[in-house]
Every structure is written in C-alpha cells, then in structure tokens.
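Novice: The structure is given below, and queries will be raised subsequently.
The values are calculated or read from the model by the stated rules, or taken from the named source; none is laboratory data. Bear in mind that the values here come from a model prediction, so they are computed numbers and not experimental data. Note: ideal-geometry Cβ built from the backbone for every residue, glycine included; neighbour counts use all protein chains shown. Calculation scope for accessible area: heavy atoms of the full protein, side chains included, ligands and nucleic acids excluded. Shrake-Rupley method; radii C 1.70, N 1.55, O 1.52, S 1.80 Å.
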Amino acid sequence: MKLSARGRHSMEAMFDLAVHYGEGPILIRDVAQRRKISEQYLAQLFIPLRIAGLVRSVRGANGGFVLARDPKEIKLSDIVKATEGPTSPSECVDDPRVCWRGEGCITRNVWLRIKKATDEILDSINLDNLVQQWKESGSPEVPLELSI
C-alpha cells in the first residue's frame, strides 16, 4: 500500500493537532504554516476527517479545529481509512468477485496477508504514541528550514 499525499498530509495535520491537544481550537492557517501544507488543501483534508468523527470544528472568534477524541483513542488506521479508504493492496482482497479466480486465487492470499499486516501496524499506533515518540526524539516539531 502506498499512501497518497492526501494520506500523508492528513497524518501530519492530525499529529499537529495531537501535539497541541488541550490548547483549544487550532487555526488551519497555523497547522498549514507549521506543516508546510497549502491552507486550502488542508481545509479539504479536514472534511473527511470531520465526517469520520476524528476532528471537530469550532466556530467563532476563537474557532478552529480540535481532535474529536483524546489522541490515545485515535489510531493511525482511523486516519488512513478516513482519507485513503481501504488498505487493501488489491481490489480482490475486499471483493473476490472482481477476479475470475475468486477466493481460489493463490496470489490473493499474499494480498490478504499484506492487508492484515498493514492493518495490525496501523491499529497498534495512536496519535499519542507519535507525540510521545516525537518528544523522546528531541527533534523540533517542524523540520528547520535548510539554509542555502
């Protein structure tokens, strides 16, 4: 499975909200600036995340976005499913009828194992895990600009 820019940027935005969890609503503009992502593009990414119940918007003068649940309760698989859809490396994993071999296909078993392994990894990591890993790394929140 290869994550698209949509999936990667959604993960970055959710990580940003997790880092600032408990600080109140965060402006898309601030997330976009820290993550070096277009503000308009980021606004589009928040739509499926909101629909999936992972973020919520707060209107008003102090408005913005917040995580809809504690970072410990949001798994990476939730983000990937909301923005990328199924993690299947092949269509036949989710629907064996798309292939004339169906469930008797030998290679389909390989794709099933890949999906299972991917899902296990994404299910085992939550946003809080990423925040803790980042804190322990001592790395800056956002990569420093390269000086030329």
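Novice: Please specify each residue of region 86-130 satisfying the condition of being part of a loop (DSSP other than H, G, I, E, B), of a type outside the set (Asp, Glu) and more than 30 Å from residue 20 (Cα to Cα).
Specialist: Taking region 86-130 as the starting set, the residues that turn out to be part of a loop (DSSP other than H, G, I, E, B) are 86-90, 95, 99-101, 105, 125.
Keeping just the survivors that are of a type outside the set (Asp, Glu) gives 86-90, 99-101, 105, 125.
Result: 88, 89, 90, 99, 100, 101, 105.
Novice: For region 19-33, name all the residues that are in contact with a helix residue (DSSP H, G or I) (Cβ under 8 Å, 6 or more places away or on another chain) and either small (Gly, Ala, Ser) or under 15 Å from residue 8 (Cα atoms) (or both).
Specialist: If the condition is that a residue be in contact with a helix residue (DSSP H, G or I) (Cβ under 8 Å, 6 or more places away or on another chain) and either small (Gly, Ala, Ser) or under 15 Å from residue 8 (Cα atoms) (or both), then 31, 32 are the ones that fit.
Novice: Residue 40 fails exactly one of the following numbered conditions: (1) open to solvent by 90 Å² or more (accessible area, probe 1.4 Å); (2) closer than 20 Å to residue 118 by Cβ. What is the number of that condition?
Specialist: (2)
Novice: Six or more apart or on different chains, Cβ atoms under 7 Å: show the pairs whose first residue is in region 125-138 and farther than 13 Å from residue 70 by Cβ and whose second is at pLDDT 95 or above and open to solvent by less than 60 Å² (accessible area, probe 1.4 Å).
Specialist: Short answer, once both residue conditions are applied: 125/76; 130/15; 130/18.
Novice: Next up: Among the residues in region 93-108, are any modelled with pLDDT of 85 or more, loosely packed, with under 15 Cβ neighbours inside 10 Å and not small (Gly, Ala, Ser)?
Specialist: Yes; the residues of region 93-108 include at least one that is modelled with pLDDT of 85 or more, loosely packed, with under 15 Cβ neighbours inside 10 Å and not small (Gly, Ala, Ser).
Novice: Here is a follow-up. Any residue in region 76-85 that is surrounded by 17 or more Cβ atoms within 10 Å (Cβ to Cβ) and more than 21 Å from the chain's Cα centre (by Cα)?
Specialist: Looking through region 76-85, none of the residues is surrounded by 17 or more Cβ atoms within 10 Å (Cβ to Cβ) and more than 21 Å from the chain's Cα centre (by Cα).
Novice: Given the criteria of a type outside the set (A, V, I, L, M, F, W, C) and modelled with pLDDT of 90 or more, does residue 124 qualify?
Specialist: On the way: of a type outside the set (A, V, I, L, M, F, W, C): yes; modelled with pLDDT of 90 or more: yes.
So residue 124 fits the description; yes.
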